[in-house]
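Worksheet for the structure shown next.
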């Protein structure tokens, strides 16, 4: 049986990219982690169009 809990990853960003992500999160009133997850999901969808997100 596969666990549905979120997994954690440690990611490093160049300072300018990190500041941009912080600004985006602040504007959207969400966490920086949310912005990164959203970007990762969009990237995967673009790269692998047949990928089905399982919730």
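Some notes on this structure:
- In terms of overall dimensions, the C-alpha atoms belonging to the chain reach 38, 24, 22 Å along their principal axes, ordered largest to smallest.
- Per-peptide average of other Cβ atoms within 10 Å, ordering 31-38, 14-21, 43-50 highest first: 31-38, 14-21, 43-50
- Angle of helix 32-47 to the longest C-alpha principal axis of the chain, folded into 0 to 90 degrees and rounded to 10: 50°.
- C-alpha long axis of helix 15-28 to longest principal axis of the chain, angle in °: 80
Only the coordinates and a few stated rules stand behind these numbers; no lab work does. This structure is a prediction, so every number in the text was calculated from the model and none was measured. Methodologically, a virtual Cβ is constructed for each residue, glycine included, from the backbone with ideal geometry; neighbour enumeration extends over all protein chains shown.
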